[in-house]
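Data block below; observations after.
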Amino acid sequence: MTETDDTVRMEELTWQAFEDRIDDGPVFVPIGSTEQHGPHLPLSVDTVIAIEIAERTAHEAGGMVAPPLHYGYTSQPGSGGGPEFVATTSVHGDTLRRQVGNIVADLARDGVREFVIVNGHFENEYAIREAIDRHLENGLDDRFVIASWWDLLSASTRGPIFENVPGGFPGWEAEHAGVVETSLMLYLRPDLVDEDAIVDDGSSRNPPYVLKPAPEDTIPDSGVFYKATHATAETGERVLMEVVEVLANAIEDEWGT
Ligand code: ZN
Ligand code: MN
């Protein structure tokens with residue numbers, strides 16, 4: 001038993017150890033962003049959450065976790081505040097699409113046939129799908145689960161979380177740096193949460209269309225889009241446990257591994 005036998009992180013393995021484990025399960029690819037998350041959370045929220053879900057699911061369902069992508073598709077004003085926030089650092093959709101496509105193609109060349117893309121950043125979703133669509137145009141029999149973590153949360157878990165929040169559930173787009181992301185970080189990385197800085201905020205208007213350039217009153221000054229004061233570590237734990245369970249079950253149900 002060597003020390004690396006327990007790790008699911010590809011980057012901590014030798015190339016031989018990676019090769020030995022290729023047939024043992026899927027390769028997870030966590031994809032996040034470097035994006036403002038209000039005055040109380042670090043820029044890495046979307047990446048931290050994607051990594052944690054990927055690693056915990058790999059421990060449960062088998063497989064290895066490829067090094068994460070820390071940059072995501074350009075932050076949008078209505079779902080992350082947009083590029084006007086200092087420190088938010090993004091790549092274009094075609095850059096992300098090529099990067100994901102390149103990584104998947106190289107792993108597939110090594111013999112990886114099953115991939116789980118764990119997405120933590122709202123704006124990434126269609127660039128990831130396009131990368132996989134293009135990969136599969138080559139007539140390969142590789143298989144993919146593409147999961148944005150918030151989609152895995154059931155209505156029965158989500159309901160009670162927002163029950164006592166005035167205004168209820170605002171939709172995932174508007175939950176940026178709000179109740180659930182803050183809760184997940186309080187559970188996963190309390191050392192990175194400035195609890196004294198947690199605020200409830202939101203833009204003063206939310207038009208049902210996209211305005212560019214985005215007027216100031218459509219973006220909250222703090223970068224918090226919802227009522228982050230309702231976040232708790234217990235909520236974070238409940239969300240994480242369900243998301244990991246649903247993802248592990250998906251791998252079992254879809255691929256029987
Ligand atoms: Zn986020
Ligand atoms: Mn994001």
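Using only the alpha-carbon atoms, how far is helix 45-61 inclined from the longest principal axis of the chain? Give it as 0 to 90 degrees, nearest 10. Approximately 40 degrees, to the nearest 10. With the whole protein complex present, Val199 retains an accessible surface near 50 Å², based on a 1.4 Å probe.
Between the residues His135, Leu211, Thr57, the greatest Cα displacement towards the positive end of the dipole of the range 10-245, with unit charges on the Cβ of Lys, Arg, Asp and Glu, is found for Leu211.
Placing +1 on the Cβ of every Lys and Arg and -1 on the Cβ of every Asp and Glu, with no other charges, gives the range 10-245 a dipole of roughly 500 debye about its Cα centre.
Computed from Cα atoms, the angle from the helix 179-188 axis to the main principal axis of the chain rounds to 50 degrees. Close amide H contacts of Thr88 (hydrogens built in the peptide plane, cut-off under 5 Å, sequence separation of 5 or more or a different chain): Gln36. Normalised by the number of residues in the range 89-173, the average gap of Cα pairs under 8 Å and 6 or more apart makes the relative contact order 33 percent. In the range 20-88, Cα pairs under 8 Å separated by at least six residues give a relative contact order of 40 percent.
Here the 3J(HN,Hα) profile of the range 207-223, calculated from phi with Karplus coefficients 6.51, -1.76 and 1.60 at θ = phi - 60°, is x, x, 8, 9, 10, 9, x, 6, x, 4, 7, 9, 10, x, 4, 6, x Hz, Gly and Pro shown as x. Secondary structure note: in the chain, about 15% of the DSSP beta bridges are antiparallel.
Its relative contact order, with pairs defined as Cα atoms under 8 Å and 6+ residues apart, puts the range 10-245 at 23 percent.
Where Lys and Arg each count +1 and Asp and Glu each count -1, what net charge lies around His92 among other residues with Cβ under 12 Å from its Cβ? That works out to 0. Residues whose amide H comes within less than 5 Å of that of Arg9, counting only those at least five positions distant or on another chain, are Val65 (H built at 1.01 Å from N in the peptide plane). One chain, two ends: Glu245 and Ala233. Fully extended at 0.36 nm per residue, the span grows by 2.5 nm beyond their Cα-Cα distance. In this simple spin-label model, placing a label point 7 Å from the Cα along the Cα-to-Cβ direction at both Asp141 and Glu11 gives a separation of 3.4 nm.
Ligands, DNA and RNA left out, the accessible area of the range 173-257 computed with a 1.4 Å probe is 46% carbon and sulfur.
Amide H contacts of Ile117: Val29, Val145, Ile146, Ala147, each under 5 Å away and 5 or more positions distant or on a separate chain (H built 1.01 Å from N in the peptide plane; Pro and chain starts excluded).
The packing ranking, built from the mean of other Cβ atoms within 10 Å per residue, places the peptides 15-26, 30-41 in the order 30-41, 15-26, highest first. Taking the chain as the reference, fit the longest principal axis to its C-alpha atoms, fit the long axis of helix 93-110 to the helix C-alpha atoms, and give the angle between the two in degrees, 0 to 90, nearest 10. Once rounded, the angle reads 20 degrees. A DSSP coil position with no more than 13 other Cβ atoms inside 10 Å describes the following chymotrypsin sites (Phe, Trp or Tyr not before Pro) in the range 136-213: Tyr209. Here the Karplus curve 6.51 cos²θ - 1.76 cosθ + 1.60, taken at θ = phi - 60°, turns the phi angles of the range 141-150 into couplings of 9, 5, 10, 9, 10, 10, 10, 8, 4, 5 Hz, with x standing for Gly and Pro. Within the range 112-203, the GluC sites (Glu not before Pro) that combine a DSSP coil assignment with at most 12 other C-beta atoms in a 10 angstrom radius are Glu137. Here the Gaussian network model covers the chain, with springs between Cα atoms less than 10 Å apart; of Ala61, Ala174, Ala87, Ala87 fluctuates the most. With R₀ fixed at 41 Å, the C-beta to C-beta distance from Asp110 to Val210 puts the FRET efficiency at about 0.50.
Here the Gaussian network model covers the chain, with springs between Cα atoms less than 10 Å apart; of Ala58, Ala231, Ala108, Ala108 fluctuates the most.
The values are calculated or read from the model by the stated rules, or taken from the named source; none is laboratory data. It should be emphasised that the depicted structure is a prediction, and the values quoted were computed from it without experimental measurement. Virtual Cβ from ideal backbone geometry, glycine too; neighbours counted across all protein chains shown. Please note that ligands, DNA and RNA were not included when accessible areas were found on the heavy atoms of the full protein model with its side chains. Shrake-Rupley method; radii C 1.70, N 1.55, O 1.52, S 1.80 Å.
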